[in-house]
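S.K.: Just passing along the structure, written as structure tokens.
The values are calculated or read from the model by the stated rules, or taken from the named source; none is laboratory data. These numbers were taken from a predicted model, which means no experiment stands behind them. So basically every Cβ, Gly included, is an ideal-geometry build from the backbone, and we count neighbours across all protein chains shown. With ligands, DNA and RNA removed, areas are computed over all heavy atoms of the protein, side chains included. Shrake-Rupley method; radii C 1.70, N 1.55, O 1.52, S 1.80 Å.
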Amino acid sequence: MKQVNENTILVIEDDSTMREGIQTVLEKEGYRVNCAADGFEGLRLFQTHPPCMVITDLKLPGKSGMHLLHEFLETSPSLPVILISAYGTIDLAVSALKSGARDFIAKPFSIDELKAKVSEILKNVPAPEVKIGAVPTFYGMVGSSPEMQQLQAQIKQVAKVDSPVLITGESGTGKELIVRAIHNESRRKEKVFLAVNCGAFTDTLLESELFGHEKGSFTGAIRQHQGIFEQADGGTILLDEIGEISPQLQVKLLRVLQHQSFQRVGGTDVISTDVRVIAATNRNLKEAIEAKQFREDLYFRLNVLPIYVPPLRERTSDIPDLIKYVMGVKCDSLGVAKPKISADAVEKLQQYSWPGNIRELENLLERVLIFSDSGVITADDIYFDESSEKVPESTGKLSEVLQDTEYRMIKEALEKSGGVKQKAAKILGIKTSTLYYKLEKYGLLEDRNRDNEIT
Ligand SMILES: Nc1ncnc2c1ncn2[C@@H]1O[C@H](COP(=O)(O)OP(=O)(O)OP(=O)(O)O)[C@@H](O)[C@H]1O
Ligand SMILES: [Mg+2]
């Protein structure tokens, strides 16, 4: 038997108005609802998606509610089952209670009655949803895990002084946000904050970005330009991706840090500057030093105050608040209603490894928001984008581009079909056997099997 879906209720009812009504009410409460119109379908859904509760009509085509009750309790003796009995079947309902049904509800019933019975029975199950809304932030940073509390304390400490800071941590962990927090918490907050991505420029351009240049100092230098060391005088600069900086520029940067002065490219004037330098990197600079790619003396100059940002997977207790916050911001900016997020969805998000950290979480939530239309986001709505790790970089060769596209289409079809291969093959317009062949080719076969077992 598969694992029980904590938040899923199975509703078996042949009257479509009644069935859809119950579904709507329960989904609004944050539950995932699976519906069946007859006993056989109900039994099938019970086996494929084991629910935490069943609500079933007594009179059903196929198998009767009474029959189903016995079969359900045989497999899951503690499963709560609520029976719906129409006028004239009350006696049957009473004998169903004796057979182990948890409760019964007589038609016609009110929404409140139904909600009350369900929540009474499921009250020991964890809260079914996360409500999107305001969460406390520290300069736009969400998180109250011990790791985040320590980070905030460090930010406040280092903001009091002017020494260089080196921030390390995986991509998307919030390094830039931390730098802004340091600037805004410091006495420099009224002055300029400027960031430069050292990995995004050629050497010549980066040098000019940092130190500026005189007119005509190199091809394209049509007028004098002030670099960030000059523009941010009195303020703070972020040297992002510091690990990407060339050996020549490392020497020049070291000199500025030592003398608080520099010269523009092609210039002779010595310009003194009062900037706070904060560097950030997701590279391991110690390894870069070993490999003679990074100067050890520069490392020590920058690493006076080190701050390490732990990856999201090491502070999963921050995830519920991050979801609330990020979803709130995204809903506002997209102008859409705020959905509810079921507990199983939150759990799924907490179990993922987040190689792209908070940036990846933001992107995923945006995608989920755009594609969901039910008002409740459940675990089934969440897919992780692992394609970037598995697809070989496209070099522009036709065969590779085609493979790339094929891979993506197969993944999409699998997602749409919930992992059911016959359905996926149909979506793609290929034979199931062909799909199996392709799944094997792309190493997707085992992954999918594993996914199916979890959900
Ligand atoms: N604690 C947090 N609370 C809310 N949002 C966060 C938090 N940390 C990061 N973010 C958001 O995640 C995204 C990535 O953050 P940021 O750009 O600061 O990461 P980074 O570590 O500089 O990444 P990279 O190494 O790729 O440059 C941003 O949109 C940022 O606002
Ligand atoms: Mg960054």
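S.K.: Could you tell me which of the residues Phe218, Phe229, Phe300 is assigned to a loop (DSSP other than H, G, I, E, B), away from ligand 1 (no atom under 16 Å from the Cβ) and assigned by TED's automatic domain parsing to the domain that holds Thr168? Working first, answer last.
M.R.: Working: Phe229 fails: assigned to a loop (DSSP other than H, G, I, E, B); Phe300 fails: assigned to a loop (DSSP other than H, G, I, E, B).
So the residue among Phe218, Phe229, Phe300 that is assigned to a loop (DSSP other than H, G, I, E, B), away from ligand 1 (no atom under 16 Å from the Cβ) and assigned by TED's automatic domain parsing to the domain that holds Thr168 is Phe218.
S.K.: Next up: For the stretch 73-88, indicate whether the set of residues that are open to solvent by less than 60 Å² (accessible area, probe 1.4 Å) and part of a helix (DSSP H, G or I) is non-empty. Lay out the reasoning, then the answer.
M.R.: First pass over the stretch 73-88, keeping only residues open to solvent by less than 60 Å² (accessible area, probe 1.4 Å): 73, 76, 79-86.
From what's left, part of a helix (DSSP H, G or I): 73.
Yes, the stretch 73-88 has at least one match.
S.K.: Let me ask another. Given the conditions (1) open to solvent by 40 Å² or more (accessible area, probe 1.4 Å); (2) within 9 Å of ligand 2 (Cβ to nearest atom); (3) touching a strand residue (DSSP E or B) at 6+ places or on another chain (Cβ under 9 Å), which single one is not true for Lys175?
M.R.: (1)
Yes/no matrix, rows are residues, columns are (1) away from ligand 2 (no atom under 16 Å from the Cβ); (2) of a type outside the set (A, V, I, L, M); (3) open to solvent by 60 Å² or more (accessible area, probe 1.4 Å):
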| position | (1), (2), (3) |
| --- | --- |
| Arg180 | no, yes, yes |
| Phe211 | yes, yes, no |
| Asp233 | yes, yes, yes |
| His259 | yes, yes, yes |
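S.K.: Pairs under 6 Å by beta carbon, first residue open to solvent by 30 Å² or more (accessible area, probe 1.4 Å) in the stretch 96-114, partner small (Gly, Ala, Ser) and not in a helix (DSSP H, G or I), six or more apart or different chains?
M.R.: Filtered contacts from the stretch 96-114: Phe104/Ser85; Ala106/Ser85; Lys107/Ala86.
S.K.: Next up: Looking only at the stretch 9-48, which residues are without any contact (Cβ under 8 Å) to a residue 60 or more places away in the chain and not in a helix (DSSP H, G or I)?
M.R.: Leu10, Val11, Ile12, Asp14, Asp15, Val33, Asn34, Cys35, Ala36, Ala37, Asp38
S.K.: Return the pairs, sorted by first residue and then second, in which the second residue is of a type in the set (Lys, Arg) and not in a loop (DSSP other than H, G, I, E, B), the first residue lies in the stretch 264-292 and is in the same structural domain as Leu210 (by TED's automatic domain parsing) and within 16 Å of ligand 1 (Cβ to nearest atom), the beta carbons are less than 8 Å apart, and the residues are 6+ apart or on different chains.
M.R.: Listed by first residue and then by second, the contacts come to Ala280/Lys175; Asn282/Lys175.
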